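Data block below; observations after.
The values are calculated or read from the model by the stated rules, or taken from the named source; none is laboratory data. The shown structure was predicted, so the numbers you read here are calculated from the model rather than taken from an experiment. Neighbour counts run over all protein chains shown; Cβ positions are idealised from the backbone, glycine included.
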């Protein structure tokens, strides 16, 4: 729950919704950021004919699955030089020389073929993982609510952030905590996707997670899985002496986020409709991206488009080495004072948004350094219920700042320890953000 006060929401979100702004178009609308437990995924169709494969008619179904996976990576992977370095064509031939007679054989062959790339973001998703990750775009997940990533320095599985109101957040598991084992099986053995799969499961079942805290100690926690409502957008109006401030927290970039965000921004700008009409617009807005591990790139870009006026949003570098910049449309849905909260759990699409706001001088960033995830993946169905996540581009901020493994540095670092529950009753960082924002406001801008 967000305090002070209670989060507000329309009685019927499907009734009389304002027409959304036109979204910026481009290839990013079909891509994603994040390979996290609750990272959102979007299916993309890759065009082009298959590369020639000797004796293709003699291949069985399982072997054809391997060939198709090879073709899709060959066609779309962002770094062709890396494909050359690992002798990608030879890896296909070596895979087909092995006995491949079942889906399980094919999955093992694909995983072995991808391993030399050294890119943990490009990986096979077996049917259960593929279906579970796609389901997160609908707004719910059954599990413990841990968003996982790989630590850049050693590729160990770490917590990006716990979901709000989840078993993980209630157990006070903090960003940066290393996951050592799940139900006694090492996370190094399971890998990222395997660890995420072990944490998901039927509501009411328990899972034992062994953790190494950021202070170096180890502990075991027993978490009961349940259905977690992602509630990606929450907002409210905060009353400060002489000021009305908007508070907007986005925890994940899933499909409904742009429309829900626009509802709140219209309200904050005094343009709400029906039950969303306020007596006056707010004097400034706090955008809270803490523990937002990313999701759909298109959703993050759409939110940036609502806050920026004809400014750059993101620069991408594709497999041809070509840099392209995507910019916001002219005019912003909300153009008033803005301040953005980030932390080590802010990754992927949230770093795109925060970096764009910082580069444009639109918003100061406050909190702690973000996670640092600067590769874009697309998810492709293989047709048998499984899928591939493939890195298709690298992104930078509009001014060309690198994000991968570096993250974003806030304009104002806030005091540690970091509050355990963003938006909660003891959220000292939110209180400090309110103070910093009101200092930016001219005295005459306060509410009457």
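Worth a mention:
- Scanning the stretch 367-393 for residues that are more than 18 Å from residue 295 (Cβ to Cβ) and part of a strand (DSSP E or B) yields 367, 381, 388.
- Test: residue in the stretch 211-218 that is more than 30 Å from residue 172 (Cβ to Cβ) and either under 15 Å from the mean Cα position of the chain (by Cα) or in a strand (DSSP E or B) (or both): no
- Residue in the stretch 309-325 that is out of contact with any strand residue (DSSP E or B) (no Cβ under 6 Å at 6 or more places or on another chain) and buried (at least 21 other Cβ atoms within 10 Å of the Cβ) present: no
- For residue 259, the test of being surrounded by fewer than 20 Cβ atoms within 10 Å (Cβ to Cβ) and under 20 Å from the mean Cα position of the chain (by Cα) is passed.
- Residue list for the stretch 160-173, restricted to those being buried (at least 22 other Cβ atoms within 10 Å of the Cβ) and either part of a loop (DSSP other than H, G, I, E, B) or touching a helix residue (DSSP H, G or I) at 6+ places or on another chain (Cβ under 8 Å) (or both): 162, 163, 164, 166, 173
- Of the strands (runs of 3 or more DSSP E) contained entirely in the stretch 263-343, not one carries at least 1 residues that are in contact with a helix residue (DSSP H, G or I) (Cβ under 7 Å, 6 or more places away or on another chain), at pLDDT below 90 and outside the structural domain of residue 424 (by TED's automatic domain parsing).
- Selected residue (criterion: surrounded by the fewest Cβ atoms within 10 Å (Cβ to Cβ)) from residues of the stretch 407-439 that are modelled with pLDDT under 95 and in contact with a strand residue (DSSP E or B) (Cβ under 7 Å, 6 or more places away or on another chain): 423
- Of the residues making up the stretch 176-207, those that are part of a loop (DSSP other than H, G, I, E, B), surrounded by fewer than 18 Cβ atoms within 10 Å (Cβ to Cβ) and at negative phi are 202, 203, 205.
- In the stretch 75-124, the residues that are more than 22 Å from residue 59 (Cα to Cα) and in contact (Cβ under 8 Å) with a residue 40 or more places away in the chain: 76, 77, 78, 79, 80, 117, 119, 120, 121, 122, 123
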